[in-house]
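J.: I have a structure here, written as structure tokens, and I will follow up with some questions on it.
Derivation of every value follows stated rules applied to the coordinates shown; laboratory data play no part. Treat the numbers as computed from the prediction; the structure is a model and nothing was measured. A quick note on method: Cβ atoms are made from the backbone with ideal geometry, for glycine too, and the neighbour counts reach across all protein chains shown.
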Amino acid sequence: QAKAAGKNMIKFFDVAMQVKASERTRLESELREAIKRQQLQLYFQGLHDGQGKLLGAEVLLRWFHPELGTVSPAVFIPIAEESGLIFEIGSWVIEQACRQLAIWTESKQALQLKLSVNISARQFHQENFLPQVIQTLERYGVARNRLQFELTESILVSRVDEVVAKMNLLKNYGVAFALDDFGTGYSSLSYLKRLPLEQLKIDRSFVDDILNDPNDAAIASTVIALSEALGLGVIAEGVETAAQRDALAALGCYHYQGFYFSRPLPGQDFVAMQQQAQLH
Ligand code: C2E
Ligand code: MG
Ligand code: MG
Ligand code: MG
């Protein structure tokens, strides 16, 4: 357990160190203002079946900085997590996702789609996370089953009993869970079976080279078998070509997310894409 936590810290610092300390301090103070300045925006990327049909969408945050341009969430989410800003940003994302669902439902657009929202471990551990989620869903009158949360294996590094209990409460309430970036973390299989999950998401790093690297194909195949054995769904991330989709299908994975199917888009463009697809 301690060893796993140590490894995770190293991983975290690797990402964080890519941004120089001075720039980090600057980004942190600017990130603090980003919500107020309306520089943050939700993008939506489709989750698809083999025929390309939309099954739902993942919510991906974007930060449009006036000088730096688009700052990747891979850069600013770690900063938000470390500084505690993730609490405010995370609840804002959930709120905006619910708002979008309410608008789509009302206008009969993007009907019945489920939105999948990334939740950082620190955010999930927050004491008032559960009441906050419930209040937001109710305030916007959003059906509970329209929301899914994506957690990573880092959620399993500590306070596992608490995590399982909280997940069960939310699941009973109607919110689904996926385990994101699966295979890149350090979760033990004994924890995995205790989690009330809907699906595993095969990390992009195993999909990238699935055609050429037999080890990646073996790992993907193992995750697919594991999800089947545990009665879970499975979806592959980062599918960029038809050949990758076919390789995944041959291994038994029939749900996909990736540039081959659709790119992350702002809400209006996402709806336009969906309407376009329905015409064909
Ligand atoms: P993630 O949750 O694993 O999201 C999938 C990432 O893969 C996204 O990167 C998406 O744009 C990218 N992607 C999807 N398909 C392809 C593909 O075919 N090829 C390639 N090369 N990339 C693809 P993005 O949007 O840059 O987000 C990076 C990470 O930042 C996310 O990884 C997630 O961990 C985190 N993140 C994004 N939004 C939020 C948020 O609202 N809250 C939290 N806590 N984390 C977020
Ligand atoms: Mg995700
Ligand atoms: Mg992922
Ligand atoms: Mg990923």
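J.: To the nearest 500 deg cm²/dmol, what mean residue ellipticity at 222 nm is calculated for the chain from DSSP H runs of n ≥ 4 alone, each contributing -39,500 (n - 2.57), summed and divided by the residues?
T.: Values: 12 runs with 138 residues, N = 280.
Dividing the helical sum by the residues of the chain leaves -15000 deg cm²/dmol.
J.: Let me know the Kirkwood hydrodynamic radius for the stretch 46-101, please, with Cα pairs as the basis and the value in Å to one decimal.
T.: Details: mean 1/r = 0.0759 Å⁻¹.
For the stretch 46-101, the Kirkwood estimate is 13.2 Å.
J.: Neighbouring Cβ atoms within 10 Å as the yardstick, rank Glu30, Glu162 fewest first.
T.: Numbers: Glu30 18, Glu162 11.
Ranked by crowding around the Cβ, least crowded first: Glu162, Glu30.
J.: Using a 7 Å offset from Cα along Cα-Cβ at Ser158, what residues in the stretch 84-105 end up with backbone N under 18 Å from the label point?
T.: 84-87
J.: So if R0 is 25 Å, what FRET efficiency would Glu23 and His125 give, r being the distance between their Cβ atoms, rounded to the nearest 0.05?
T.: 0.35
J.: What is the calculated FRET efficiency for Phe259 to Glu106, with r their C-beta to C-beta distance and R₀ = 25 Å, to the nearest 0.05?
T.: Numbers: r = 30 Å, r/R0 = 1.22.
The computed FRET efficiency comes out at 0.25.
J.: If one computes P(r) from the Cα atoms of the stretch 86-224, what percent of pairs lie at distances over 27 Å? Working shown, then result.
T.: Numbers: 2600 of 9591 pairs.
Across the stretch 86-224, Cα pairs with separations above 27 Å total 27 percent.
J.: Which GluC sites (Glu not before Pro) in the stretch 61-146 sit in a loop by DSSP (not H, G, I, E or B) and have at most 13 other Cβ atoms within 10 Å of their own Cβ? Kindly include the intermediate steps, with their values, before the conclusion.
T.: Values: sites: Glu67, Glu81, Glu82, Glu88, Glu95, Glu106, Glu127, Glu138; in loops: Glu67, Glu127.
Within the stretch 61-146, the qualifying GluC sites (Glu not before Pro) (loop, at most 13 other Cβ atoms within 10 Å) are Glu67, Glu127.
J.: Under a crude label model (7 Å from the Cα following the beta-carbon direction), how far is Ala229 from Lys53 in nanometres?
T.: 3.1 nm
J.: Can I ask one more? Give me the dipole magnitude in Debye, nearest 20, for the chain about the Cα centre, with unit charges on the beta carbon: positive for Lys and Arg, negative for Asp and Glu. Let's see the in-between values first.
T.: Values: 27 positive and 32 negative charges, 130 e Å.
With Lys and Arg at +1 and Asp and Glu at -1, about 620 debye.
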